[in-house]
1. Could you check, for segment 254-262, whether at least one of its residues is part of a strand (DSSP E or B), closer than 22 Å to residue 181 by Cα, within 22 Å of the chain's Cα centre (by Cα) and at pLDDT below 95?
2. Let me spell it out: the conditions are (1) within 21 Å of the chain's Cα centre (by Cα); (2) assigned to a helix (DSSP H, G or I), and residue 284 meets all of them except one. Which number is the exception?
3. Quick check on segment 263-277: of everything there that is surrounded by 19 or more Cβ atoms within 10 Å (Cβ to Cβ) and under 26 Å from residue 89 (Cα atoms), which residue is nearest to the chain's Cα centre (by Cα)?
4. Among the aliphatic types (A, V, I, L, M) and out of contact with any strand residue (DSSP E or B) (no Cβ under 6 Å at 6 or more places or on another chain): which single residue out of 121, 168 fits that description?
5. Any residue that is under 23 Å from residue 137 (Cβ atoms), among the aliphatic types (A, V, I, L, M) and without any contact (Cβ under 8 Å) to a residue 40 or more places away in the chain - is there at least one of those in segment 56-70?
Amino acid sequence: MPVDLDLRLVHCFTVVAEHRHFGRAADALHVTQPSLSRQVRRLEQQVGARLLDRTPQGSRLTEAGEVFLPQAKALLRTAAQAIARAQAAARPSRLNVGYSGGLIVTPAVRELRHQHPDAEVQTLHVAWDDVRASLLEHRIDAVVSRLPFPTEGLHVTVLYDQPRVVIVPLEHRLAGKESVTLDDIADEPLPRLRDSDPEWSAYWRIEPRPDGRPAPDGPMIDALEDKFELVASGQAVAISAGHNVRALRPDITSVPLEDVEPAHVVLATRADDRSRLVAAFRKCAQAQLTGR
């Protein structure tokens, strides 16, 4: 029997489940609270089970709601992917190319446009923690970024390496040195990015250190760009890759960091993508994006 399930109602339910409060969820959805309540009740009728209970503090998932929530999220993702794939098939001459902060894709994009003048090629900035999701949700078709990031379901090609560097204020004791080691920064605090992926954080903080100790903790930040202000004010040093930080602001500088693995700049695409434009862009990226 076909299932009559309104995906708009499913989305409303997931928002209420996220906020645990009908009022806040209604504000997020830009609807009235009574309207949202009616939509959730309609979904419960379609599902045949009560999904949410109201409480004095807001709302909570019922046992059935706890079971339904992850399936609902997966259903919405699958629907979005189905639409995106259909649109991509209908527009085979369109390609969205993503790039992460500090990386340049212009030479490869220019070459692709030269080889395929009828193609519609767009470039979009992609946050460091949104690479995989952007690809799997078909918001982009290819992205140039730095590892580490989750690669399940992706095709990843290493384009070139960038040495990792330590960013310090101009008056720092290490400023001006040809290079530094982990011993030189053993006691230097490093910023901590709130809610960051543990693998990503460990890579950029280089922890544990060779002696097994964690990296010294510096202030907590909510955005990567905040680290430059912390460094400039002398509250921490930071580890980065390939940045010409003097071009960003004149009160900080970078020093090469010895004896650590370089950062890998990669091209990532969906593993099951057979688009001719994706294949063509991969060749352009390997030829044009060399880090030189």
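1. Checking segment 254-262: not a single residue is part of a strand (DSSP E or B), closer than 22 Å to residue 181 by Cα, within 22 Å of the chain's Cα centre (by Cα) and at pLDDT below 95.
2. Status for residue 284: all satisfied but (1).
3. Checking each candidate, the answer is 268.
4. 168
5. no
The values are calculated or read from the model by the stated rules, or taken from the named source; none is laboratory data. Fair warning: this is a prediction, and the values are worked out from it, not measured in the lab. When we count neighbours, we look across all protein chains shown, and the Cβ atoms used for this are built from the backbone with ideal geometry, even at glycine.
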